[in-house]
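Student: Sharing a structure, written as structure tokens. Questions coming.
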Amino acid sequence: MLDAFRELIDELIAAPKVLRDAGFAQSTNPEAIAALGLLAARDAAVRERIQTVIRQETPLLPAPPESVDASGLHAGSALAAFDTGRGELVSLLMNLTLKDWERIGIDWTGHERSVADDVEEHVEYDEETVATITDQIAAA
């Protein structure tokens, strides 16, 4: 079971390098920069939800952000901020116990959601977003 969680963590660890290797820091593509800003905001939201679930018994969890104001964001600083936030999320995940991964909160739709469910969904979103960003950079 912990191996499956380690795979999720490894996938999250890979994203900043993939973006650096794709040349994101030099990108001027506003859609790519906005997508990374939203991904960073969603990282922070997942981290906050996990911390809430660990501290409280069956808490109500807010929905992830659907948009961010990316005006004024520059690719290099957006990537640096993403990298820092991703490191904080990964650090939190690496320190979770098996019991923590199984802890439950009530999500924004009224359904039970475990930490594992939340992270798995976030990894899927991450993979799709990173692929979209790298495609946008390559097309520019």
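The values are calculated or read from the model by the stated rules, or taken from the named source; none is laboratory data. Since the structure is predicted, the reported quantities are computational estimates derived from the model, not experimental observations. Backbone-built Cβ (ideal geometry, glycine too); neighbour counts: all protein chains shown.
Student: State whether the residues of the range 111-126 include one that is aliphatic (A, V, I, L, M), within 25 Å of PRO16 (Cβ to Cβ) and surrounded by fewer than 17 Cβ atoms within 10 Å (Cβ to Cβ). Write out each step before concluding.
Tutor: Going residue by residue through the range 111-126, those that are aliphatic (A, V, I, L, M) are 115-116, 119, 123.
Still in the list and also within 25 Å of PRO16 (Cβ to Cβ): 115-116, 119, 123.
From what's left, surrounded by fewer than 17 Cβ atoms within 10 Å (Cβ to Cβ): none.
No - not one qualifying residue is present in the range 111-126.
Student: While we're looking at this one, here's another question. Go through the range 40-82 and report how many residues are of a type outside the set (A, V, I, L, M, F, W, C) and either under 15 Å from ALA25 (Cα atoms) or not in a helix (DSSP H, G or I) (or both).
Tutor: Initially, the range 40-82 is screened for residues of a type outside the set (A, V, I, L, M, F, W, C), giving 42-43, 47-49, 51-52, 55-59, 62, 64-67, 69, 71-72, 74, 76-77.
Remaining after also requiring either under 15 Å from ALA25 (Cα atoms) or not in a helix (DSSP H, G or I) (or both): 56-59, 62, 64-67, 69, 71-72, 74, 76-77.
The number of residues fulfilling the criteria is 15.
Student: Could you list, in sequence order, all residues of the range 89-110 that are assigned to a helix (DSSP H, G or I), touching a Ser or Thr at 6+ places or on another chain (Cβ under 9 Å) and crowded, with 18+ Cβ neighbours inside 10 Å?
Tutor: Of all residues in the range 89-110, those assigned to a helix (DSSP H, G or I) come to 89-94, 98-102.
Add one more test, that the residue is touching a Ser or Thr at 6+ places or on another chain (Cβ under 9 Å), and what stays is 101-102.
Result: TRP101, single match.
Student: Return the pairs, sorted by first residue and then second, in which the second residue is in a strand (DSSP E or B) and crowded, with 20+ Cβ neighbours inside 10 Å, the first residue lies in the range 102-130 and is touching a residue at least 12 places away in the same chain (Cβ under 8 Å), the beta carbons are less than 7 Å apart, and the residues are 6+ apart or on different chains.
Tutor: So the pair list comes out as ARG113/GLY105.
Student: Look through VAL115, VAL68 and report the one residue that is under 16 Å from GLU7 (Cα atoms), among the hydrophobic types (A, V, I, L, M, F, W, C) and touching a helix residue (DSSP H, G or I) at 6+ places or on another chain (Cβ under 6 Å).
Tutor: So the residue among VAL115, VAL68 that is under 16 Å from GLU7 (Cα atoms), among the hydrophobic types (A, V, I, L, M, F, W, C) and touching a helix residue (DSSP H, G or I) at 6+ places or on another chain (Cβ under 6 Å) is VAL115.
Student: Just for the range 1-18: of the residues that are over 14 Å from the mean Cα position of the chain (by Cα) and in a helix (DSSP H, G or I), which one is modelled with the lowest pLDDT? I'd like the intermediate steps shown before the answer.
Tutor: Taking the range 1-18 first, the residues over 14 Å from the mean Cα position of the chain (by Cα) are 1-7, 17-18.
When the remaining residues are screened for being in a helix (DSSP H, G or I), the result is 2-7, 17-18.
Working: LEU2: 66, ASP3: 79, ALA4: 82, PHE5: 91, ARG6: 91, GLU7: 93, LYS17: 96, VAL18: 96.
Result: LEU2.
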